[in-house]
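Read the structure below first, then the notes.
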Amino acid sequence: MTGVITGVSVSHALATVEEVESAAPDDESAAAQRLAARPGVTESVVLATCNRAEAYVVTDSAADGEDALSDFAPEVREGAVTRLEHEDAIRHLMRVASGLESLVLGEDQIIGQVKDAIERAREDGTLGPVLEEALLKAVHVGERARTETAINEGTVSMGSAAVELAG
């Protein structure tokens, strides 16, 4: 099992809502399959939520991964796109699944969305051993963060935050 993970993220942290929406593909499966068809790409997955649009590929070299993802978010200004090389991509996935990268810290929906992305990539045939291991590790870390810390106690979604604020 070899390969380099390269990722790209457009999220609420640096991008406007409009930029996140423009980066999010209409069809995540089709987007992952287009990435998988790029030269040098052996695996791919796309994760799109209301606050983020991300894509990850596995290639033999970081340069091939960067090339494959170079036009992932063409309408988004450069400063709003985060590019992630192997270790940073894995660390970022763990932070995402743990709710540390969410608009509302610790929100619970993201871990389900990561699991859905794994299952979709599995069904689409774009998930391989490198991304599967990284994504499953991210889910495991996210679950541990929720059971061993208080990260998801209290306000854990935009909806509950709005209700709490209105109250």
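Can you compute the helix-only [θ] at 222 nm over the chain? Use -39500 (n - 2.57) per DSSP H run of at least 4 residues, normalise by all residues, nearest 500 deg cm²/dmol.
Helix contribution divided over all residues of the chain: -15000 deg cm²/dmol.
Over all directions, what mean area does the Cα convex hull of the chain project, stated in square nanometres?
On the way: hull surface 38.0 nm².
Averaged projected hull area, Cα only: 9.5 nm².
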Go ahead and set up a Gaussian network model of the chain, Cα springs under 10 Å, then flag whichever of Glu78, Glu132, Glu28 fluctuates most.
-> Glu78
Probe 1.4 Å, all protein chains in place: accessible area of Val45 in Å², nearest 10?
-> 10 Å²
Taking the Cα centre of the chain as the origin, how large is its charge dipole in debye, to the nearest 20, when only Lys and Arg (+1) and Asp and Glu (-1) carry charge on their Cβ atoms?
-> 320 debye
For the range 109-141 and the range 71-107, what is the separation of their C-alpha centers, rounded to whole Å?
-> 15 Å
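Based on the Cα gyration tensor of the range 49-90, what are the three equivalent ellipsoid semi-axes, each the root of five times an eigenvalue, rounded to whole Å and given largest first? Before the final figure, lay out each step's value.
Values: eigenvalues 67, 31, 17 Å².
Largest first, the range 49-90 gives 18, 13, 9 Å.
Restricting to Cα pairs below 8 Å that are 6+ residues apart, what does the relative contact order work out to for the range 2-101? Please round to a whole percent.
Details: 181 pairs, mean separation 40.3, N = 100.
Reported relative contact order: 40 percent.
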Sequence-distant residues sharing a close amide H with Glu43 (under 5 Å, placed H) | Val58
Note, the range 52-57: 3J(HN,Hα) by Karplus (6.51, -1.76, 1.60, θ = phi - 60°), whole Hz, Gly/Pro = x, goes 7, 9, 9, 9, 9, 10
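What's the magnitude of the charge dipole for the range 1-98 around its Cα centre, counting Lys and Arg as +1 and Asp and Glu as -1 at the beta-carbon? Answer in Debye, nearest 20. Mind showing how you got there, number by number?
On the way: 7 positive and 18 negative charges, 53 e Å.
For this selection, approximately 260 debye.
Largest first, how would Glu143, Glu21 line up by accessible area (1.4 Å probe)?
On the way: Glu143 75, Glu21 120 Å².
Reading off the accessible areas and sorting them downward yields Glu21, Glu143.
The values are calculated or read from the model by the stated rules, or taken from the named source; none is laboratory data. Not measured: the values here are computed from a predicted model. Backbone-built Cβ (ideal geometry, glycine too); neighbour counts: all protein chains shown. Areas reflect the complete protein model, heavy atoms only, side chains present, ligands, DNA and RNA absent. Shrake-Rupley method; radii C 1.70, N 1.55, O 1.52, S 1.80 Å.
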